[in-house]
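**Q** One structure follows; several queries about it will come next.
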Amino acid sequence: MEHSSDVLIVGAGLAGLAAGRDLARAGLSVRILDKSRGVSGRAATRWLELNGKIVRVDHGAQYFTAKNDQLRILIPDLVKHGIVREWAQGFPILRHNGIKSRTAGHPRYVCPDGMSTLGKVFLQGLESQDTPLPLETKALVVGLHKSDEAGWKVELEDGQVRSGRALVLNMPAPQALELANEWLKPEVRIALQAVRYTPCWAAVLVLEHLPYLDWVGLEIEHPVLAWAALDHTKRAVPDPPVLVLHASAAWSQRHLELSPAEALSQIIEAAQELFGEWVGQCRTAMAHRWRYALPTQTHPWPFLAQDNLVFCGDWCGGPRIEGALESGWATAEYLIEYLKP
Ligand SMILES: Cc1cc2nc3c(=O)[nH]c(=O)nc-3n(C[C@H](O)[C@H](O)[C@H](O)COP(=O)(O)OP(=O)(O)OC[C@H]3O[C@@H](n4cnc5c(N)ncnc54)[C@H](O)[C@@H]3O)c2cc1C
């Protein structure tokens, strides 16, 4: 079956969802496709089952900031509804000579039910008149076709086709480039090729027990590790203790093709040396490879457009969750104007 919409969005990351929400509010028909089982992309939450109990763990983005006005004005409402809460004002740093605390900075927000709640909020809508955005999950897009009458058609892995008068690609730049390459003007191709990322191996450890620690998140200067977080401190019921570890960009790059089991064992070994034997006493543990974790070289503008084909995400404008949302909002603004009769 072929579904047609005004705007077809590939990628239900925060940028795609933010764009979809504003486009729908402007009266345009939207359809969102994502290859995963859920929404929110790298603002990801893993649900682990432990003795019949669900343990939620943020294995992608750890927290978010709200420095820009468009996001900041949403925070009181999100807090009131229990979707978001302030977690910290900054984090101490662990160096070779010990942990150094740092003066308070600005609020770092988390979602008590897991970071992917943020994506679900944009999917479902923030205002009473909002209706859920049409979404297809487990929908891997493998090809694009341009047609003069229909705008863009995308082909799914199973051969089905979806079309839109405009197409938004919300995914890391290298993945967008691979999909759209043959249709691109040289300057657009060059802009996509210029974007750079660092990878990240993330490890999640559900622990038997936890010694007293006076931090909830810790930045780390170390060859293997870059970040540690007590993930359970974000939850309404902080049980069982969960430690999230991120490997450094350099280590992740060098060990990108390890199996998850091997990466997990090396990360645990490094963390045991740093923190103590308790790190290795896990009830369950897993590792996740983020090939495109954080953009280090971004596109200077909040989106990249070739007429009715628009690229957005955290690699456009500013990085991270704030940057992704800003990119989505700017994409919607552009397309609302572009598609005006
Ligand atoms: C380990 C890690 C830690 C991080 N920590 C933080 C942090 O603490 N604070 C912060 O603000 N940010 C953090 N980030 C960054 C933050 O997660 C991202 O900036 C933000 O989530 C990016 O959103 P996005 O919409 O640009 O893209 P994404 O979230 O990458 O969304 C892209 C979507 O496209 C889908 N997709 C890709 N290709 C296809 C295809 N062919 N067909 C269908 N669907 C497709 C994917 O499944 C995905 O859902 C972290 C990221 C990682 C990985």
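The values are calculated or read from the model by the stated rules, or taken from the named source; none is laboratory data. These figures come from a predicted structure and were not determined experimentally. Backbone-built Cβ (ideal geometry, glycine too); neighbour counts: all protein chains shown.
**Q** Of all residues in segment 36-74, which are of a type in the set (Val, Ile, Thr) and within 14 Å of the ligand (Cβ to nearest atom)?
**A** Of everything in segment 36-74, those that are of a type in the set (Val, Ile, Thr) and within 14 Å of the ligand (Cβ to nearest atom) turn out to be VAL39, THR45, VAL57, THR65.
**Q** Taking the stated definitions as given, is ARG42 assigned to a strand (DSSP E or B) and touching a residue at least 40 places away in the same chain (Cβ under 8 Å)?
**A** So ARG42 fails the test.
**Q** Mind checking which residues of segment 89-104 are free of Cβ contacts under 8 Å to residues at least 60 places away in the same chain and out of contact with any Phe, Trp or Tyr (no Cβ under 9 Å at 6 or more places or on another chain)?
**A** Within segment 89-104, GLN89, GLY90, ASN97, GLY98, LYS100, THR103, ALA104 meet the criteria.
**Q** Additional query: Of the residues ASP130, ASP77, which is surrounded by 12 or more Cβ atoms within 10 Å (Cβ to Cβ) and in a helix (DSSP H, G or I)?
**A** Being surrounded by 12 or more Cβ atoms within 10 Å (Cβ to Cβ) and in a helix (DSSP H, G or I) holds for just one of ASP130, ASP77, which is ASP77.
**Q** Note down all Cβ pairs under 6 Å where the first residue falls in segment 134-158 and is assigned by TED's automatic domain parsing to the domain that holds GLN175 and assigned to a strand (DSSP E or B), the second is surrounded by fewer than 18 Cβ atoms within 10 Å (Cβ to Cβ) and of a type in the set (Phe, Trp, Tyr), and they're at least six residues apart or on different chains.
**A** LYS146/TRP183
**Q** Quick check: anything in segment 15-30 surrounded by fewer than 20 Cβ atoms within 10 Å (Cβ to Cβ) and farther than 30 Å from ASP307 by Cα?
**A** No.
**Q** Here's something else I'd like to know. So for segment 264-285 (the condition being within 13 Å of the ligand (Cβ to nearest atom) and either surrounded by fewer than 16 Cβ atoms within 10 Å (Cβ to Cβ) or without any contact (Cβ under 8 Å) to a residue 24 or more places away in the chain (or both)), does at least one residue qualify?
**A** No, that holds for no residue.
**Q** Among the residues of segment 195-216, how many are closer than 19 Å to ALA285 by Cβ and either among the hydroxyl-bearing types (Ser, Thr, Tyr) or within 16 Å of the ligand (Cβ to nearest atom) (or both)?
**A** Qualifying residue count for the region: 6.
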